[in-house]
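Asks: The following block contains the structure, expressed as structure tokens.
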Amino acid sequence: MIYISPSILASNFAILGEQVAAAQAGGANMIHVDVMDGVFVPNISFGFPIIKSLSAHFSIPLDVHLMIDDPDKYVTLACESGADFLSVHIERLSDPHKTLSKIRTLGVHPSLTVSPKTPIETVFPYINDADMILIMTVEPGFGGQHIIPETLEKVSALRAETDRRGLKGFKIEVDGGIRRENIGTAVGAGANVIVTGSAVFGDPDISGAVKKLREAAKK
Ligand code: DX5
Ligand code: ZN
């Protein structure tokens with residue numbers, strides 16, 4: 001199964017609810033929520049009140065991506081705000097096992113994230129602690145960038161490792177620069193959770209964009 005997770009970073013915040021509803025109507029499986037603090041990444045997006053509002057209003061799972069300097073400090077708040085999946089960057093964790101376990105204890109699916117320059121092998125010791133691994137396909141910080149093609153080699157390497165361990169259907173998420181033209185390549189490399197920001201919310205027909213991405217994923 002392929003999960004499509006549109007990123008609201010590219011949405012129109014003045015009509016956020018309408019736009020999320022349109023993505024859901026188009027068959028989105030989750031909603032990707034990018035929290036940026038202006039320290040870990042050179043951009044500031046929004047914080048936990050947005051997660052709380054979306055969670056109270058929608059039943060679609062919230063796929064929260066923390067791009068912040070001290071994730072351990074905010075994991076509890078993110079979970080209590082209504083995250084269903086919580087992605088934390090390995091580059092900012094002193095003890096990934098401990099953080100992922102804490103997320104799980106709080107009833108949320110733990111996800112470990114790697115930035116483009118971080119070797120994929122760094123997550124191998126923590127695969128069993130995570131329900132998903134998020135492989136950044138652009139440098140984190142901004143929507144609308146072009147995919148870094150080499151990052152898909154990390155997707156293939158991780159898929160080979162999870163297959164080797166017999167973890168059928170393990171969630172491997174890709175995030176950044178995914179659009180209709182390359183979603184098939186990402187899926188072919190082994191990704192099964194696909195974040196798409198501008199390719200969904202930058203399209204005047206949000207529902208149609210999700211449907212077209214799903215079609216393109218099959219090719
Ligand atoms: C980038 C964010 C992404 C971004 C994706 O730092 O983590 O989730 O919103 O947007 P697109 O699909 O436009 O690259
Ligand atoms: Zn993201």
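All of the numbers you see were taken from the coordinates with simple rules; none came from a lab. Note that the structure is predicted; figures quoted are calculated from it, not measured.
Asks: Quick one: what Rg and Dmax do you get for the chain from the alpha carbons, in Å?
Replies: Rg then Dmax for the chain, in Å: 15.8, 46.
Asks: Round to a whole angstrom and tell me the spacing of the C-alpha centers of the stretch 57-111 and the stretch 198-219.
Replies: Their Cα centres are 27 Å away from one another.
Asks: Here is a follow-up. In sequence order, what are the phi-derived ³J(HN,Hα) couplings for the stretch 83-92 according to the Karplus relation 6.51 cos²θ - 1.76 cosθ + 1.60 with θ = phi - 60°, rounded to whole Hz, with x for glycine and proline?
Replies: 5, 9, 10, 10, 9, 10, 6, 4, 5, 10
Asks: If you don't mind, another one. Thr137's amide H: which non-local residues (gap 5+, or another chain) put their own amide H closer than 5 Å, with H modeled 1.01 Å from N in plane and none for Pro or chain starts?
Replies: Under 5 Å from the amide H of Thr137 lie the amide H atoms of Asp175, Gly176, each far enough along the sequence or on another chain.
Asks: A further question follows. Once you have the Cα-Cα distance between Leu77 and Glu181, take 0.36 nm times their residue separation minus that, and quote the gain in nm to one decimal.
Replies: Computed gain between Leu77 and Glu181 is 33.8 nm.
Asks: If you don't mind, another one. Okay, helix-only estimate at 222 nm for the chain: each DSSP H run of n ≥ 4 adds -39500 (n - 2.57), divide by all residues, round to 500 deg cm²/dmol; what do you get?
Replies: On the way: 8 runs with 78 residues, N = 219.
It comes out at -10500 deg cm²/dmol, rounded to the nearest 500.
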